[in-house]
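S.K.: Take a look at the following structure, please.
The values are calculated or read from the model by the stated rules, or taken from the named source; none is laboratory data. What you see is a predicted model, and the numbers here were worked out from it, not measured in a lab. A quick note on method: Cβ atoms are made from the backbone with ideal geometry, for glycine too, and the neighbour counts reach across all protein chains shown. The protein model used for the area step is the full one, side chains on, heavy atoms only, and it has no ligands, DNA or RNA in it. Shrake-Rupley method; radii C 1.70, N 1.55, O 1.52, S 1.80 Å.
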Amino acid sequence: DTYAEDVKALVEALDLQNVIHVGHSTGGEAVTRAATRLRNDNLPTNHFDIDDIALLVGLAPVAWLGSDKVNPADTPYHTFLGAADLDTSGSPVQSYAQTLSIFERAYGPRSVTYIHGCGHEWLHTAPFPNGPFATGPNLIGEAASHKVLLGYLLPVVEHHVRGNPAARDYLERMYADFHPIGIPGNVVVSN
């Protein structure tokens, strides 16, 4: 069976000592929840353990659960946030919208990419049956949001997983002075 052979080849090609978990919205919280469960030994797996997770990435993650259940701890953590996000807005109310609470729980290497004009759903691929969950002036849309996300995801991986000093420099420079090519001129990003 060709399909089974393809799956086997894919699994054999995976580097299970440098696992990167990426998730959007509830999935953004879930990847950190899974890592927390691995750390606390209540999520058994035969394939890898918490020390094999090299990076957790939350794309506008919700924050339903407390720090006892969702905590990056010392695992490198990066989050991408949209400033025009109507869902995980970071608004000053006690709710799942407090997306930065997950970031604040991390005591290992951590970083944020904050995309002005980006809505919640623009951090993944359409269709958006309920709309992009975006509001405010200067909305940038899905295509520009993806340019930022893809332009910064590789340096995030290179920095946190491989320790590449050029990638760290890439992430720490002021956006106005240096940023990924192809991002439209009306986009503003804070790292």
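S.K.: Taking θ as phi - 60°, what are the ³J(HN,Hα) couplings along segment 128-142 by the Karplus curve (6.51, -1.76, 1.60), each to the nearest whole Hz, with x for Gly and Pro?
M.R.: With coefficients 6.51, -1.76 and 1.60, one gets 10, x, 10, x, x, 6, 9, 8, x, x, 6, 5, 9, x, 5 Hz.
S.K.: Among (1) -0.24, -0.56, -0.66, -1.16; (2) -0.27, -0.61, -0.72, -1.14; (3) -0.42, -0.70, -0.76, -1.01, find the value of log10 I(q)/I(0) by the Debye sum over Cα atoms at q = 0.08, 0.12, 0.13, 0.17 Å⁻¹ that was calculated from the structure presented, and write down its label.
M.R.: So the calculated entry is the one marked (2).
S.K.: Determine the per residue accessible area of the chain with all protein chains present and a 1.4 angstrom probe, expressed in square angstrom.
M.R.: 54 Å²
S.K.: Tell me whether segment 63-133 comes out rounded, prolate or oblate; compute the Cα gyration tensor, take square roots of the eigenvalues as a ≥ b ≥ c, and use a/c under 1.5 as the rounded threshold.
M.R.: The shape class here is prolate.
S.K.: If packing is taken as the average count of other Cβ atoms within 10 Å, what order do 174-180, 64-70, 148-154, 125-131 fall into, highest mean first?
M.R.: Ranking the peptides 174-180, 64-70, 148-154, 125-131 by packing returns 148-154, 64-70, 174-180, 125-131.
S.K.: Additional query: R0 = 25 Å: FRET efficiency of S190 with D51, Cβ-based, nearest 0.05?
M.R.: Taking R0 as 25 Å, the efficiency between S190 and D51 is 0.20.
S.K.: How far apart, in nm, are the 7 Å Cα→Cβ label points at A13 and A176?
M.R.: 4.3 nm
S.K.: Carbon and sulfur together cover what percent of the accessible area of segment 64-122 at a 1.4 Å probe radius?
M.R.: Ligands and nucleic acids excluded, carbon and sulfur reach 54 percent.
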